[in-house]
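The values are calculated or read from the model by the stated rules, or taken from the named source; none is laboratory data. Just so it is clear, the model here is predicted, and its values are computed rather than measured. Using ideal geometry, Cβ is built from the backbone for each residue, glycine included, and neighbour counts are taken over all protein chains shown.
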Amino acid sequence: MDLEMIKEKAWQSMGKRQSHPDREPGYVFYHGQRVAQIALTLREMIFPDQTGDDDLIRVGGWFHDVGKGIEPHWEYGALICRKILQDLCPPERLEGIVQIVGSHTLRKTKEYPYYVKLVQDADILDHFGSQEIWLNFWHSAYRHQTVEDALAFYDKSYREHIQRVRGLLNYPESVIFFDEKDRFVTDFVERLSAEARGKLIGR
Ligand SMILES: [Fe+2]
């Protein structure tokens with residue numbers, strides 16, 4: 001597969017598109033790039049000898065959200081990426097990529113091949129840690145909300161949300177990274193809460 005050409009197609013279809021008003025233009029392109037990287041890192045850790053599907057995982061990660069904004073985005077995304085990639089990928093690779101795109105949200109509903117499960121976990125992981133804070137700032141700014149509103153979200157909904165999503169991860173290795181990201185956000189929010197009340201840290 002010509003990865004340079006395929007990445008160019010990913011850029012053309014997602015690089016400047018704004019899937020939601022509370023996310024920056026191009027979010028799905030950059031998110032897709034990160035998800036591919038995370039999925040490949042997990043693959044190296046969990047299946048160190050299984051290198052044969054790396055390009056499939058990479059391209060599946062790049063395109064997994066290509067349908068975002070047209071719901072159900074995984075179903076439309078599968079159709080869109082099949083059309084974009086049909087002349088750029090061998091047929092059996094294309095089927096794997098379409099399978100990743102078409103089932104990345106349908107976690108734990110049936111048994112999937114490891115390359116789908118890796119992208120499913122990577123997709124979750126890229127929404128947490130510093131990315132969670134970035135997304136939350138965009139969400140709050142778009143709605144003209146205050147720091148107090150954001151703190152109310154972390155106080156009331158964040159913990160419940162984290163518990164639900166954590167249960168959807170496929171691999172214990174992913175859970176370890178997820179918990180680390182959660183600790184980072186929890187510490188940040190504690191500081192945000194203190195500084196929002198005018199507290200000087202260290203005194
Ligand atoms: Fe995603």
**OP:** Output the residue which, of all residues in the stretch 113-129 that are within 21 Å of L79 (Cα to Cα) and more than 15 Å from the ligand (Cβ to nearest atom), is surrounded by the fewest Cβ atoms within 10 Å (Cβ to Cβ).
**Re:** P113
Original post:
Give me the pairs: first residue in the stretch 64-87 and more than 13 Å from K9 (Cα to Cα), second residue hydrophobic (A, V, I, L, M, F, W, C) and assigned to a loop (DSSP other than H, G, I, E, B), beta-carbon distance under 6 Å, and six or more apart or on different chains, which are they?
Top reply: Y76/I70; G77/V66
Subject >> Failed criterion for R191 (all others in (1) surrounded by 15 or more Cβ atoms within 10 Å (Cβ to Cβ); (2) of a type in the set (K, R); (3) over 21 Å from the mean Cα position of the chain (by Cα) hold) >> reply: (1)
Original post:
Name the pairs whose Cβ atoms lie under 7 Å apart, with the first residue in the stretch 120-136 and touching a residue at least 24 places away in the same chain (Cβ under 8 Å), the second surrounded by 23 or more Cβ atoms within 10 Å (Cβ to Cβ) and outside any helix (DSSP H, G or I), and 6 or more positions between them or separate chains?
Top reply: Q120/H104; D123/H64; D123/H104
Original post:
Restricting the search to the stretch 61-82, which residues are out of contact with any Leu (no Cβ under 9 Å at 6 or more places or on another chain) and either of a type in the set (A, V, I, L, M) or part of a loop (DSSP other than H, G, I, E, B) (or both)?
Top reply: H64, D65, V66, K68, G69, I70, E71, P72, A78, L79, I80
Original post:
Since P21 meets every condition but one in (1) without any contact (Cβ under 8 Å) to a residue 24 or more places away in the chain; (2) assigned to a loop (DSSP other than H, G, I, E, B), which condition does it not meet?
Top reply: (1)
**OP:** Report whether or not R58 is touching a residue at least 60 places away in the same chain (Cβ under 8 Å) and more than 27 Å from S140 (Cα to Cα).
**Re:** no
**OP:** Determine whether L85 is of a type outside the set (D, E), buried (at least 17 other Cβ atoms within 10 Å of the Cβ) and away from the ligand (no atom under 16 Å from the Cβ).
**Re:** yes
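Could you list, in sequence order, the residues of the stretch 96-112 that are loosely packed, with under 13 Cβ neighbours inside 10 Å and farther than 23 Å from E71 by Cβ? First the steps, then the outcome.
Here is the first cut: in the stretch 96-112, the ones loosely packed, with under 13 Cβ neighbours inside 10 Å are 108-111.
Residue satisfying the conditions is E111 alone.
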Subject >> L94 modelled with pLDDT of 95 or more and more than 11 Å from the ligand (Cβ to nearest atom) >> reply: yes
**OP:** Please work out which residue is farthest from the ligand (Cβ to nearest atom), limiting yourself to the stretch 24-46 and to residues that are without any contact (Cβ under 8 Å) to a residue 24 or more places away in the chain and touching a Lys or Arg at 6+ places or on another chain (Cβ under 6 Å).
**Re:** P25
